[in-house]
Amino acid sequence: MSANPIELSLLRRMRRNRATASLRSLVRETTLTRGDLVQPLFIRAGEGEPDPVESMPRVVRHTLRSLAEECRLLVGRGIPAIALFPSIDGSKKDALGTHATASDNILFEAIRSVKSACPSLVVITDVALDPYTDHGHDGLLNGRGEVDNDSTVEALQRLALTQAQAGADVVAPSDMMDGRVKAIREFLDGEGYVETSILAYAAKYASGYYGPFRDAVKSGSKHARLDKRGYQMDPSNVREALLEVKLDEEEGADMVMVKPAGPYLDIIRAVREYTLLPLAAYQVSGEYAQIHAAARLGWLDYDATRDESLLAIKRAGADMIFTYFAAEVADSLTR
Ligand code: PBG
């Protein structure tokens, strides 16, 4: 006679492997580590206290001084890389994004100061014109107000080169122009920057989840929705993402990215199975803001949803994750 009055006769009881923390640890298939994370950081010119980004709690626009401090903290916590995004004063923006390659662009000083304070930290820079254009688009507009591919690619080559010259380890074109990876690779090589890597934002979707980022870098207007569907991908498409990855691979990308991450786990999985290149996923500003907002309302448990959101991206197949949570989750992760 069994101890329980009712006992099913089951050969396999899945719960046996879940019974204790130790057993769960033995059967765990996916582990997120600090070494997987990239911390995106915003930088602005000027002194004073770093200013908070309203729609992204705990995120600030750094000054050069606070940026160096933050980078030391990240290195101490075992985070291997940062992605730098400049927030440019409106008075410096124009239709051509001229300030992008100006020698007084705060981005270049930021790269130099991070590399001197923390030489081991991988510095990834964004190759796109949107922080510098008054219209907020990633490229140059033609007569019809559309982003012109080929003249934009030419401008991006110079932007990538000036970033490499300032000391960027990885340049990351996020603009979605055709042919930019090849053009940037050739331009960098021609100038002797053969060791600078290219991380291609290969499958970047035209997403509503970028809203808070545009607030952080003050690109575009909160009210007039910036329409980037003429160059960023249609959220409906999967095969197209593989074609983008294929082309960026052929053009010489060292790594490829899927962005956003959480709502696009199927794309991460598909790209993972398709390419041999390292795969990055970007948990974007809106994914971050969503968790904060719901937790603030008391509707979600902050730590649990944050950790789960990152684990899911790793499980889908990402080798590295760009996330605004990087610094704060580091201490709870293995090295
Ligand atoms: C633009 C760029 C964007 C992000 C990174 N680079 C926004 C956009 O395409 O409008 C978004 C990142 C985020 O939302 O966290 N080059």
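Working only within region 199-249, note down all residues that are aliphatic (A, V, I, L, M) and away from the ligand (no atom under 15 Å from the Cβ).
Hits for region 199-249 are Val238, Ala241, Leu242, Leu243, Val245, Leu247.
Assess whether Ser219 counts as being in a helix (DSSP H, G or I) and either open to solvent by 10 Å² or more (accessible area, probe 1.4 Å) or hydroxyl-bearing (Ser, Thr, Tyr) (or both).
Spelling it out, it is not the case that Ser219 is in a helix (DSSP H, G or I) and either open to solvent by 10 Å² or more (accessible area, probe 1.4 Å) or hydroxyl-bearing (Ser, Thr, Tyr) (or both).
Would you confirm whether or not region 15-36 contains a residue that is closer than 26 Å to Val171 by Cβ and of a type in the set (Val, Ile, Thr)?
yes
Could we say that Leu159 is within 12 Å of the ligand (Cβ to nearest atom), crowded, with 21+ Cβ neighbours inside 10 Å, on the phi < 0 side of the Ramachandran plot and touching a residue at least 40 places away in the same chain (Cβ under 8 Å) here?
For Leu159, the condition - within 12 Å of the ligand (Cβ to nearest atom), crowded, with 21+ Cβ neighbours inside 10 Å, on the phi < 0 side of the Ramachandran plot and touching a residue at least 40 places away in the same chain (Cβ under 8 Å) - is met.
May I ask you to verify whether Thr20 is open to solvent by 60 Å² or more (accessible area, probe 1.4 Å), more than 27 Å from His292 (Cβ to Cβ), modelled with pLDDT of 95 or more and hydroxyl-bearing (Ser, Thr, Tyr)?
yes
Within region 95-141, how many residues turn out to be farther than 15 Å from Ala160 by Cα, assigned to a loop (DSSP other than H, G, I, E, B) and within 11 Å of the ligand (Cβ to nearest atom)?
Selection size over region 95-141: 2.
Output the number of residues of region 250-278 satisfying the condition of being within 16 Å of the ligand (Cβ to nearest atom), under 30 Å from Val194 (Cα atoms) and of a type in the set (Gly, Ala, Ser).
Residues in region 250-278 being within 16 Å of the ligand (Cβ to nearest atom), under 30 Å from Val194 (Cα atoms) and of a type in the set (Gly, Ala, Ser): 1 in total.
For Ala164, indicate whether it is more than 28 Å from Ser55 (Cα to Cα), open to solvent by 10 Å² or more (accessible area, probe 1.4 Å) and over 14 Å from the mean Cα position of the chain (by Cα).
no
The rows are residues; the columns are (1) open to solvent by less than 10 Å² (accessible area, probe 1.4 Å); (2) modelled with pLDDT of 95 or more; (3) among the aromatic types (Phe, Trp, Tyr); (4) under 22 Å from His292 (Cα atoms).
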residue	(1), (2), (3), (4)
Thr30	no, yes, no, no
Leu37	yes, yes, no, yes
Phe42	yes, yes, yes, yes
Pro52	no, yes, no, yes
Met56	yes, yes, no, yes
His62	no, yes, no, yes
Arg65	no, yes, no, no
Leu74	yes, yes, no, yes
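Is there any pair with a first residue in region 296-311 that is part of a helix (DSSP H, G or I) and a second that is of a type outside the set (Ser, Thr, Tyr) and surrounded by 13 or more Cβ atoms within 10 Å (Cβ to Cβ) whose Cβ atoms are under 6 Å apart and which are 6 or more apart or on different chains, and what are they?
Here the result reads Tyr302/Ala295; Thr305/Ile291; Arg306/Ile291; Arg306/Phe325; Ser309/Gly262; Leu310/Leu32; Leu311/Leu32, each pair linking region 296-311 to a residue that is of a type outside the set (Ser, Thr, Tyr) and surrounded by 13 or more Cβ atoms within 10 Å (Cβ to Cβ).
Could you check how many residues of region 79-94 are part of a loop (DSSP other than H, G, I, E, B) and either among the aliphatic types (A, V, I, L, M) or over 18 Å from the mean Cα position of the chain (by Cα) (or both)?
Selection size over region 79-94: 4.
So which of Ala289, Ala295, Ala316 ends up being more than 16 Å from the ligand (Cβ to nearest atom) and crowded, with 20+ Cβ neighbours inside 10 Å?
It is Ala316.
The values are calculated or read from the model by the stated rules, or taken from the named source; none is laboratory data. A quick note: this is a predicted structure, and the numbers were derived from the prediction, not measured. When we count neighbours, we look across all protein chains shown, and the Cβ atoms used for this are built from the backbone with ideal geometry, even at glycine. Ligands, DNA and RNA are stripped out before the accessible areas are found, and what is left, the full protein with its side chains, is counted by its heavy atoms. Shrake-Rupley method; radii C 1.70, N 1.55, O 1.52, S 1.80 Å.
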